[in-house]
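Let me begin by presenting the structure, written as structure tokens, before commenting on it.
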Amino acid sequence: MPYIRRIDIYRARVPLISPFRTAYGSDAAVEPVLVRMSDGDHYGWGESQAFHFPTFCPEYSAGVFQLIRDVLAPAIVGQELTAAEVIHERLKWFKGNPFAKGALDMAYWDLVARSRGEPLYRLFGGCDTIEVGADFGVMDSHAALIDKIAEALAAGYTRVKLKFAPGWDTDMLAAVRKAFPDTVFHIDCNSAYTLADVELFKRIDDFGLAMIEQPLAHDDLVDHAALQERIRTPICLDESITSPDKARKAIAIGACRWINIKPIRVGGLTPARAIHDLCAKANVPCWVGGMVETGLGMAHCAVIASLANIRYPNDIFPSKRFFAPDLAGPGLTLSGPARMRMLDTPGVGVEPDPARLEQWTLDRAQVTETQAMATGATLGGR
Ligand code: MG
């Protein structure tokens, strides 16, 4: 039962090999916020990968750093964490901000697993190998995309995810489907459309996709339920699912038939597992996505991807897909075609490289017991 003595927080800028392009823009680097939680004997690392701008969701890197430094870490340091739920109980007074809360939840789990000398995925009852998929953003041409897909299929990937955005839409899909009539594809719209586009989505039914990820607004459930009623292709929610409660409501109103769990988007591994479990009970299959995390955040994602109700290849990638070099290591690597073996070292098995962390850090802070008490803030009406 760790008593938390200190939390160190880093915001880094890590260059990407090539820009990450989606419906909401392009990022040349990522800005992870890394959290190191210590009880004096052991430590654990968590990562919050929010983008520089609040484009994916309302949270963004500098805001995540500041919130953890000024508000969340002071509420955790000096506390006896008898269970992960204690973190969420302490932080429930602060509305929203799952990306900031999630880094602390992950650091807690890494700390607990390390202190027990056990790999985190085993503590979660996960399996030792996960399936992964191929994923392609907006590219310069259809031909370039088709070449990349051919490479991925030759490498043994069994499903391909395509970013889908105005201007990179049905023509792209028609070209891809013509080139690969039998491949399992799905599209990710990153909330770029509205119910006014229902005819577009009806036409997409003809492409036989496995699912359409987050077609409508980032915080919507009701319009997704209306769209799902009018199309055959299953909807998969990503951005809209920010908590177990949102997942429960989405299922209750028929807003989706799949859920993409991103641990950081929902507030960490504890709520991610809760969503996984409630989906399993409702027979809604899940898979795991990421936010272009470094090897550290990717390894945390893989813990959830190792659970039983994960029924579609995950968006979990080897470091070399995005980084040269990665901030953290040793990262997960492919252990066979479209498969990764979980790391069998204690905890999440990955941590930042000290020299690269030093080189790439933009902001750093530490919260100790003395500082936590000095904030003078009280929680829960006390
Ligand atoms: Mg998505």
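A few remarks follow.
- Annotation: amide H of Asp353 within the under-5 Å range of Ala328, Gly329, sequence separation 5 or more or interchain, hydrogens built in the peptide plane.
- For the chain, the solvent-accessible area with a 1.4 angstrom probe is 39 square angstrom per residue.
- For segment 82-121 versus segment 1-37, the gap between their alpha-carbon centres in whole angstrom: 17 Å
- Cα gyration tensor shape of segment 1-71, rounded if a/c is under 1.5, else prolate or oblate by comparing a/b with b/c: prolate
- Local electrostatic count at Gly96 - Lys and Arg +1, Asp and Glu -1, tallied over other residues with Cβ under 13 Å: +2
- Spin-label pair Ser335-Val222: with each label point 7 Å from Cα along the Cα-Cβ axis, the two points sit 4.6 nm from one another.
- Rounded to the nearest 10 degrees, the inclination of helix 295-305 to the longest alpha-carbon principal axis of the chain is 70 degrees.
- Karplus 3J(HN,Hα) series, Hz, for segment 38-45 with 6.51 cos²θ - 1.76 cosθ + 1.60 (x for Gly, Pro): 10, 9, x, 9, 10, 9, x, 10
- Alpha-carbon centroid distance for the pair segment 159-216 / segment 242-299, whole angstrom: 22 Å
- Of the whole protein surface, Ser38 contributes about 20 Å² of accessible area at a 1.4 Å probe radius.
- In a fully extended conformation the segment linking Glu229 and Lys148 would gain 25.8 nm over its present Cα-Cα distance, using 0.36 nm per residue.
- Residues of segment 214-257 with an amide N closer than 18 Å to a point placed 7 Å from the Cα of Lys92 along the Cα-to-Cβ direction: 242-249.
- For segment 238-255, 3J(HN,Hα) per residue [Karplus equation, 6.51 cos²θ - 1.76 cosθ + 1.60, θ = phi - 60°, Hz, x = Gly/Pro]: 10, 3, 5, 8, 10, 6, x, 5, 5, 5, 4, 5, 4, 5, 4, 9, x, 6
- Here the spin labels are modelled as points 7 Å beyond Cα on the Cα-Cβ line, and at Asp70 and Phe180 they lie 4.6 nm apart.
- Entries in Lys202/Lys320; Lys92/Lys320; Lys163/Lys246; Lys92/Lys246; Lys95/Lys262 that, when Cα-Cα distance is taken, lie over 26 Å: Lys202/Lys320; Lys92/Lys320
- Spatially, segment 65-81 and segment 338-361 are offset by 23 Å when compared through their Cα centroids.
- The chain: relative contact order in percent, alpha carbon pairs under 8 Å with at least 6 residues between: 22 percent
- When the chain is reduced to its Cα atoms, the Kirkwood hydrodynamic radius in Å: 21.0 Å
- Within segment 122-351: Cβ-based charge dipole about Cα centre, in debye rounded to nearest 20 (Lys, Arg +1; Asp, Glu -1): 580 debye
- When the Cα positions of Phe164, Thr194, Val176 are compared along the charge dipole of segment 159-202, Val176 comes out farthest toward the positive end, with charges on each C-beta of Lys, Arg, Asp and Glu.
- Note on Ala29 and Ala365: the extension gain reaches 118.8 nm, defined as 0.36 nm multiplied by sequence separation minus the Cα-Cα distance.
- In order along segment 106-115, phi translates into HN-Hα couplings of 5, 4, 4, 5, 5, 4, 4, 5, 4, 5 Hz, rounded to whole numbers, per the Karplus curve 6.51 cos²θ - 1.76 cosθ + 1.60 with θ = phi - 60° and x for Gly and Pro.
The values are calculated or read from the model by the stated rules, or taken from the named source; none is laboratory data. If you're wondering where the values come from, they're calculated on a predicted model, not measured in any experiment. Here Cβ is always computed from backbone atoms with ideal geometry, including for glycine, and neighbour counts include all displayed protein chains. Note: areas computed on protein heavy atoms with side chains; ligands, DNA, RNA excluded. Shrake-Rupley method; radii C 1.70, N 1.55, O 1.52, S 1.80 Å.
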